[in-house]
Amino acid sequence: MTRVFATRGAVTADADAIAREILEPGEPALSEVARAFGGDLLRQDGSLDRALLASRVFGGEGADERVARLNAITHPLIEARAWSILRGAPEGSLAVYDIPLLIEGDHVDRFDAVVIVAAPIEERVKRLEGRGVAPKDARARIRAQASSQERRAIATIWIDNEGSSDDLEEVARLVYERWLTPDAPVTV
């Protein structure tokens with residue numbers, strides 16, 4: 001969705017991409033995460049073992065506290081970098097903050113519109129597995145996030161993503177042209 005908006009001229013800040021950047025070798029946040037959750041999270045090359053971090057943070061008793069601890073380290077840095085990008089958007093352009101944990105951050109009122117793309121839980125688990133997250137840990141992450149009902153309650157635009165990636169691309173194009181940029185010419 002965000003990629004489609006960007007190809008049409010939107011300035012985008014992707015919270016997941018920024019989260020990966022701030023946890024690269026040499027970044028202060030990586031050192032802080034290792035101190036908080038164990039130095040064995042760092043591989044030989046200095047990179048983060050994301051699967052090990054996920055299993056350590058999201059599963060079992062006390063997960064809420066561990067998630068809050070991780071978020072306290074990463075979220076302020078992610079948000080600062082994202083807003084720096086968005087503030088650089090030219091006057092009159094669309095600025096898009098792709099933020100999976102919008103409700104959890106309690107910042108809904110900062111946005112003119114909220115587009116939610118929903119996928120079935122099994123699809124979400126499969127996508128996380130594709131990024132190296134164990135199915136058990138993927139389910140724990142999903143349980144730690146806002147429910148569909150909570151997300152639906154804040155959505156300006158709700159998209160059920162049960163089709164192909166081409167279908168989602170087409171929906172994204174229509175959302176961009178018809179709802180987010182009312183002066184843009186609609187192409188069919």
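The values are calculated or read from the model by the stated rules, or taken from the named source; none is laboratory data. Owing to the predicted nature of the structure, the values given are computational and were not obtained by experimental measurement. Cβ sites come from the backbone with ideal geometry, for glycine too, and all protein chains shown count toward neighbours. Surface areas here come from the heavy atoms of the whole protein model, side chains and all, with no ligands, DNA or RNA. Shrake-Rupley method; radii C 1.70, N 1.55, O 1.52, S 1.80 Å.
Things worth noting here:
- Test: Arg173 is out of contact with any Phe, Trp or Tyr (no Cβ under 6 Å at 6 or more places or on another chain) and surrounded by 16 or more Cβ atoms within 10 Å (Cβ to Cβ): yes
- For region 63-171, the strands (runs of 3 or more DSSP E) that sit wholly inside it and include 2 or more residues that are within 15 Å of the chain's Cα centre (by Cα) and among the aliphatic types (A, V, I, L, M) are 115-118.
- Checked against (1) open to solvent by less than 50 Å² (accessible area, probe 1.4 Å); (2) modelled with pLDDT of 95 or more; (3) among the aliphatic types (A, V, I, L, M); (4) in a helix (DSSP H, G or I), Ala54 passes all but condition (2).
- Checklist (1) touching a Ser or Thr at 6+ places or on another chain (Cβ under 8 Å); (2) exposed (fewer than 15 other Cβ atoms within 10 Å of the Cβ) applied to Ser47, failing item: (1)
- Note on region 11-26: among residues that are free of Cβ contacts under 8 Å to residues at least 60 places away in the same chain and open to solvent by 60 Å² or more (accessible area, probe 1.4 Å), the one that is farthest from Val57 (Cα to Cα) is Gly26.
- Residue list for region 18-35, restricted to those being part of a helix (DSSP H, G or I) and not hydrophobic (A, V, I, L, M, F, W, C): Arg20, Glu21, Pro28, Ser31, Glu32, Arg35
- Leu30 out of contact with any helix residue (DSSP H, G or I) (no Cβ under 7 Å at 6 or more places or on another chain) and buried (at least 18 other Cβ atoms within 10 Å of the Cβ): yes
- Flag for Ala140 being touching a strand residue (DSSP E or B) at 6+ places or on another chain (Cβ under 7 Å), open to solvent by less than 30 Å² (accessible area, probe 1.4 Å), in contact (Cβ under 8 Å) with a residue 40 or more places away in the chain and farther than 21 Å from Glu79 by Cβ: no
- Qualifying residue in region 82-101 (condition: of a type outside the set (A, V, I, L, M, F, W, C) and open to solvent by less than 40 Å² (accessible area, probe 1.4 Å)): yes
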